[in-house]
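Inspection log for the structure reproduced underneath, given as structure tokens.
Throughout, read-outs are computed from the coordinates displayed, never taken from laboratory work. These numbers were taken from a predicted model, which means no experiment stands behind them. Glycine also receives a Cβ, built like all others from the backbone with ideal geometry; neighbour counts cover every protein chain displayed.
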Amino acid sequence: MDRPFPQFAKLPPEVRIAIWEHILPDGDGAALYIYNMDWWALHVTPGVAFHDMTAEGIRQLSRTPRVQVPIPECARVCKEARKAVEQWTKTNNFEWFYREETKGDILTRPFDPERDILYVPRNKWESFLLLTADWDDDNERDTIARIMASVKYLALPAFTAYYSIGNLAHALPWTTNIKTLYVVWNKLPKAHTIRRPLPDMEEIMMPLDAPVQPRWEIDTYPKPEDTVELHQPDGDTGRDFVEEGVLEEWIDEIDDVWNTTEIDPKLWDEDEERLKTPQVHVTVKEIPAWC
């Protein structure tokens, strides 16, 4: 329980500031970033058409991929605390961003491939796979190589990791720098959308992923004996089909499929009979805007 400290105001200003600074976190750690056009457009040469989109369409519809950062609760306490928070945001290169759909300011930073996890939801899986299609144009192939080489941490819904192993085996050779493949169980992140006019066709509105999504992070690392849920969102109803089971049994079935799937030998550990890239099973949680 929090206890009042009436003597706090009597402390020297520099001591109070030091206390506020001490309670602020060191940065914000890793977050999930939901796959969208902003992510791949970051690696496309300006002025070049790509992925069935014109260069102008990419320019108008894509934005810097950003991750939401929790705002420290102490920012609400007093001017002194807010000043400490503002200095903290500058030190960490965080920026305030006006979220149109909620009509309020949030704290953000650019997506960081060295720590953040690219999460590909089921409804974006085909779009992600299209990036690894057999492109005839050398420039397009070079662009794809840049995009996919940027993937260090990839997260997939358990449904995809279970039922789309063949497609995943085709895509993985492109991810030459991947370090970890996360398999997400239980509740899944869902992208918030906004409506925007099409380039040169302002009368036609199309749904786009909101510029900054609510923040999601890894929550737990289930044990093999734990019961987990495999979620499959239904695009028509918006509800999830849910199948429950023991994680160890799911893992055994996934391993069996991998063992019968054709895969690039460079990605496969023959001795261990598994992928060289670690597969880590996790659950995730949404983080409030204020923490």
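Which one of 67, 104, 118 is farthest out on the positive end of the charge dipole of the chain, using unit charges on Cβ (Lys, Arg +1; Asp, Glu -1) and the Cα centre as origin?
The listed residue farthest towards the positive side: 104.
Please order 116, 255 by the number of other Cβ within 10 Å, starting at the fewest.
In order of increasing Cβ crowding within 10 Å: 255, 116.
Applying a 10 Å radius around every beta-carbon, put 219-232, 54-67, 128-141 in order of their mean neighbour count, most first.
On the way: 219-232: 15.1, 54-67: 16.6, 128-141: 12.9.
The densest-packed peptide leads the list: 54-67, 219-232, 128-141.
Among 74, 291, which comes first, second and so on when ranked by fewest other beta-carbon atoms within 10 Å?
Values: 74 17, 291 12.
Neighbour counts put them in this order, fewest first: 291, 74.
Enumerate the lysines that residue 223 could reach by cross-link, defined here as Cα to Cα under 16 Å, with residues fewer than 8 away along the same chain left out.
Reachable lysines: none.
Out of these labelled values of Cα Rg over 2.2 N^0.38 Å, (i) 1.01; (ii) 0.97; (iii) 1.16, which was calculated from the coordinates shown here?
Label (iii) holds the value from this structure.
Give me the percent relative contact order of region 120-261, please, defined on Cα pairs under 8 angstrom at least 6 residues apart.
Working: 163 pairs, mean separation 29.8, N = 142.
21 percent.
According to a simple spin-label model (label point 7 Å from Cα along Cα-to-Cβ), what is the distance in nm between residue 244 and residue 133?
Spacing of the two 7 Å Cα→Cβ label points: 4.1 nm.
Going through the cross-link list 124/276; 152/190; 103/187; 152/266; 103/285; 190/285, which pairs have a Cα-Cα distance over 20 Å in this structure? Please report the intermediate quantities before stating the final value.
Numbers: 124/276 25 Å; 152/190 22 Å; 103/187 26 Å; 152/266 17 Å; 103/285 23 Å; 190/285 11 Å.
Checking Cα-Cα distances, 124/276; 152/190; 103/187; 103/285 exceed 20 Å.
Can you compute the modelled spin-label distance between residue 14 and residue 64, with each label point 7 Å from Cα toward Cβ, in nm?
Label-label distance for residue 14 and residue 64, simple model: 3.5 nm.
Normalising by the residue count of the chain, find the relative contact order in percent from Cα pairs under 8 Å and 6+ residues apart. Each step should come with its number before you reach the end.
Details: 450 pairs, mean separation 59.2, N = 291.
After rounding, I find 20 percent.
For residue 83, list the lysines whose Cα falls under 19 Å from its own Cα; do not include residues on the same chain fewer than 8 positions away.
Those lysines meeting the cut-off are 10.
Based on Cβ point charges of +1 for Lys and Arg and -1 for Asp and Glu, what charge dipole magnitude is obtained for the chain about its Cα centre, in debye rounded to the nearest 20? Please list the in-between numbers first.
On the way: 32 positive and 53 negative charges, 421 e Å.
Charge dipole of the chain: 2020 debye, to the nearest 20.
What FRET efficiency, computed as 1/(1 + (r/R0)^6) with R0 = 51 Å and r the Cβ-Cβ distance, is obtained for residue 98 and residue 261, rounded to the nearest 0.05? Before the final figure, lay out each step's value.
Numbers: r = 46 Å, r/R0 = 0.91.
The calculated FRET efficiency here is 0.65.
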